[in-house]
Amino acid sequence: MLTRFRQFSGVIFLMLLVAACSGGGCSGCSGCGGTTPLAGGFPKEKAIDNAGGMRLSRSGLDFLEQNLPSVAAKVAGAPGGKFTIAIPESQSGSNVLCPGGPDPNANPPKCIAEVDLAASSFRIDAVTPNAIDVRAVLPLQVDNTPVRATFAGITFTVNVGYGQGTTCNDGKARADAYPLPVDIRIPIVEETTAPRTGYAKIDVDNAVINLDNINDNQVAICSSCGFATFICDGILGLAKGLIVDQLKGQLDGQVKSLLKSQLCTKPTPNVDPPCPTGSKPTGTGEDATCNYDAQPGQCVSTLLGTDAHVELGGFLASFSPGSQGALDFGFAAGGSMNPAPGAAADGTGRTPNGVSLAFVGGVIPKPPSKCVPDSATEIPLPTGIPVPDAIVPTGADTAGAPHVQVALAGRFLQYSLGSLYRSGLLCLGTSTEQIDLLKTSLLSVLIPSLKTLTFEQGEAAAAIATRPQAPPTLVMGGGTDANADPLLLLTLPRFAVDFYIWSHDRYVRAFTYQADLTIPVNLTAGKDPVKNPNGGIVPVLGDIKVAKGEVTNNELLFEEPALVAGTLSGLLGGLSKQLLGSGIAPVDLSAALASVGLGLEVSSIGKITKGTDDFLSLTATFSKASAALVQADTTARLAKKTVHPEHMQLGTYTKDALPALELDVSSSLDDGRHEVEYAWWIDGGTRSAWTRARDGKLVVKDDQLFLQGRHVLHVSSRLAAQPSSEDATPADVPFVIDALAPFVKTTKDGARVKVTAWDLVTDAKDLVARHRLTGAWTEWAPLAAMESIDAGSGETVEIEVRDEEGNVGRTSQALVRGRADASLASGSGCGCQTPGTRESPPLVLVVVAVLGLGVVVLRRRGGRRGAGGRALGSHGG
């Protein structure tokens, strides 16, 4: 019972501070891979004041008021949404309340108080000074409560009830619920005790619980004393005092207990130390809390936010296994609550105020990574960041104000990026195992000489490792267009990428590409049917721009470095979107409320300003989990595919000539009365921005289409700006990008010619081939039927092999025929002739050919010794 009551009250506070704790609760990043609670807590001296802010508006409080009864009923976990409080046996002198103790199985239950949460009501107000008032009306009744009393030397046992309209049944009291008003005032003030000095705390010790409305007017006796009416009256007087005192004591004790349970920091098992610095565990089991060393008995308040230690190897495991480095981060409310706009309560106790909190935050590399240059020194903490007006308004909220608004300071984000850079977060390593499209076959289309470094016919694994050489920079924009006006413009100067291929049973570095990368990023709301079917915030990447690109460590390549550098920009853009999309799940703001049937829908993401400071702003609206009465059902069909093979090879890449897909799309919500919008993503890549496709046409043209292979395009729809209406199962459109003809090889075996072929995309069993010796071509037939061709008496055989996309690979085999020339000296050679050739080549050409072959071999061996010895994961220069 106590557990349910704690859950119920905890939900109230969690909802009030949902933006501070969304997604991971208020005590670390639960469920985040590679994260553990931060031993000792995040040091306040390393945190940035006003790194962010959060506001719960008056309309947000109103929503919570209206929905708390249904939430409370769900949390109670009992039929009808009711929870019970057992009244123990207690004695006052010779008088005993509930002799023998409570019995929930009696009919009606003996000595059990019942609260009907589903029929309750709540009122929440932010008041001065820095406190939240929760006024609840809880329907309360107590049936079948025996009282054994001694009066005038005579001992009587009577049965009493608490409520209204008490009746008797077999001598047992039954009462109707009485609407009991309960008032709780919860201060949210600045902590003054280390290590939480400067952080906001919910002041449990000074919380006020008013139970004065529990009085004896609702106590009724269920007994007939006959002529001794004065005895019943006397016993009733005793019973009233006993039952009222017990109800007050039980409710007061449980409310205070649940406040401490919900709002005091718990020790973290298996972490040393288990409590923040300057405190230690007190109590055991469920009742254990972290209490200050300097103030015994005073618990360390729960952090209104989160902090954690992140091991990058676990955090990045899904797309960069083996990453090293770690960091500590913290983001939590700081200072006292601001009940903006600060208007006083009216005669009814209501205020126009919301709840505003400033946040402190920080990121510390632990330790600084050796992947980045040693010159990367610690970045000074930003100071003087203001709180934007949207978080602390001077006027009352309008009726349409967003329920929740969160703002993150641009200077805090820039500082965090620098710390993340120093932690090694941008030192990534991924391979074919994580991104199937990353193969030597793909790279060989752009850099043909890579094929000579592998012995296997067809595919070989490839890998990339990144080595950032300078801290990233961040500029905030309007977010109206991912390319023209991105919300976040991220620049990675001198970003180095090592490309590896699998050769000689290990990864060998083939070359290094370094450039200044500019990555435009927008943020939008969307669902992921696997990672987050409930929806969340997802990144939208614009076209990645590359400047000052150069190729080094390229001793194994034959191609000109400038040509390679110019071709790689499209490849990096496509791989980046696949990497980011497959590695990062949507950020779910509703996770903290999902268990109680509520959600938090993102309404807008953009930029706001205060003075010279920019802030990333997110607004959201509470919703009921059952509010998504309509959900889209999207259909999509590939109407046209355009591929320019001539622009998908070395030195020919241009963004204008990227492949394009034209789709016919429709949605079950497109009834002509509502605006419907669509978004798409390729394989596991990042999403597109939402677009309102006209005439059911959607055109996709993106760097990811530069990646040759079999793909799936996912298309989703929703009502415009209504995230909850997005379909949970997007339409899937399989498609193929294949711009390269099959590779064909022939060998002569006596009078027959053997044919082998392979393709980057089409399986060998699906290749078709034809040939001709003279005259017309044979009919197309499966490649397996032409593995051996009878050459007959022809001089040349021509072979063509075609893949599923219609690309044709061609070769010809000259057939050497005849017999030895008797005019030649004995031992002059094999006696063979190549048709059309009558003379031996000049000796000088033979010498040049041999010398040239020797130079190539020496260069290859030297390259393998010099550059080939660097294995994947070695991030040195």
As a test question: what accessible area, to the nearest 10 Å², does Cys264 have when a 1.4 Å probe is rolled over all protein chains in place? 0
Between Glu65 and Cys168, what is the label-to-label distance in nm when each label sits 7 Å out along the Cα-to-Cβ direction? 4.4
Which percent of the accessible heavy-atom area of region 507-618 goes to carbon and sulfur, probe 1.4 angstrom? 55
With θ set to phi - 60° and the Karplus curve 6.51 cos²θ - 1.76 cosθ + 1.60, what are the ³J(HN,Hα) couplings of region 495-501 in order, to the nearest whole Hz, using x for Gly and Pro? 8, 9, 10, 8, 9, 10, 10
Once Lys548 and Lys366 are pulled to full extension, the length gained, defined as 0.36 nm per residue separation minus their Cα-Cα distance, is 62.3 nm
Would you kindly state how much longer the chain becomes between Glu662 and Arg694 on full extension, computed as 0.36 nm times their sequence separation minus their alpha carbon distance, in nm to one decimal? 10.3 nm
Of the cross-linked pairs Lys548/Lys607; Lys745/Lys765; Lys545/Lys641; Lys701/Lys765; Lys46/Lys366; Lys577/Lys701, which ones have a Cα-Cα span greater than 19 Å in the structure shown? Lys548/Lys607; Lys545/Lys641; Lys701/Lys765
Based on the Cβ-Cβ distance of Asp389 and Asp766, what FRET efficiency does E = 1/(1 + (r/R0)^6) give at R0 = 56 Å, to the nearest 0.05? 0.30
With a probe of 1.4 Å, find how much accessible area region 653-810 has per residue, and write the answer as a whole number in Å². 44
Summing Lys, Arg as +1 and Asp, Glu as -1, what charge do residues with Cβ under 12 Å from the Cβ of Ser590 carry, Ser590 excluded? 0
How do Asp125, Asp103, Asp656 rank by accessible surface area computed with a 1.4 Å probe, from largest to smallest? Asp656, Asp103, Asp125
Pull up the cross-link candidates among the lysines for Lys248, meaning alpha carbon to alpha carbon under 23 Å and not fewer than 8 places away within one chain. Lys82, Lys110, Lys172, Lys240, Lys256, Lys260
Asp252 and Asp671 label points (each 7 Å along its Cα→Cβ direction) are spaced in nm at 5.8
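Tally up the carbon and sulfur contribution to the accessible surface of region 55-172 as a whole percent, 1.4 Å probe, everything protein left in place.
Carbon and sulfur: 49 percent of the exposed surface of region 55-172.
Probe radius 1.4 Å, ligands and nucleic acids ignored: give me the carbon and sulfur share of the accessible area of region 649-738 as a rounded percent.
Reported share for carbon and sulfur atoms: 47 percent.
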Taking the simple approach of a point 7 Å from Cα along Cα-to-Cβ for both Val530 and Asp205, what is their distance in nm? 5.2
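Just to confirm a number: summing +1 for Lys and Arg and -1 for Asp and Glu over residues other than Ala344 whose beta-carbon lies under 14 angstrom from that of Ala344, what do you get?
Taking every other residue near Ala344 into account, the sum is -2.
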Within region 86-102, whose backbone N sits under 15 Å from a point 7 Å along Cα→Cβ of Asp245? 88-99
With all protein chains present, calculate the accessible area of His644 using a 1.4 Å probe and round the result to the nearest 10 Å². 60
Cleavage-rule hits, trypsin sites (Lys or Arg not before Pro), region 685-748, DSSP coil, Cβ neighbours within 10 Å at most 16: Arg692, Arg694, Lys701
Quote the FRET efficiency, to the nearest 0.05, computed for Ala720 versus Thr642 with a Förster distance R0 of 25 Å and r equal to the Cβ-Cβ distance. 0.30
Just the number please: accessible area per residue for region 340-436, 1.4 Å probe, all protein chains included, in Å². 43
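Compute the accessible area per residue over region 56-106, keeping the other protein chains in place, probe 1.4 Å, unit Å².
Here the per-residue accessible area is 39 Å².
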At a probe radius of 1.4 Å, what is the per-residue accessible area of Tyr292, in Å² to the nearest 10? 10
Sort all Cα-Cα distances of region 351-422 into consecutive 10 angstrom bins from zero, then give the percent of pairs in each bin up to the one containing the longest distance. 15, 37, 23, 15, 8, 2
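The values are calculated or read from the model by the stated rules, or taken from the named source; none is laboratory data. Quick caveat: nothing in here was measured; it's all calculated off a predicted structure. Every residue, glycine as well, gets a Cβ built from its backbone with ideal geometry; the counts of neighbours run over all protein chains shown. Keep in mind that these areas ignore ligands, DNA and RNA; they rest on the heavy atoms of the full protein, side chains included. Shrake-Rupley method; radii C 1.70, N 1.55, O 1.52, S 1.80 Å.
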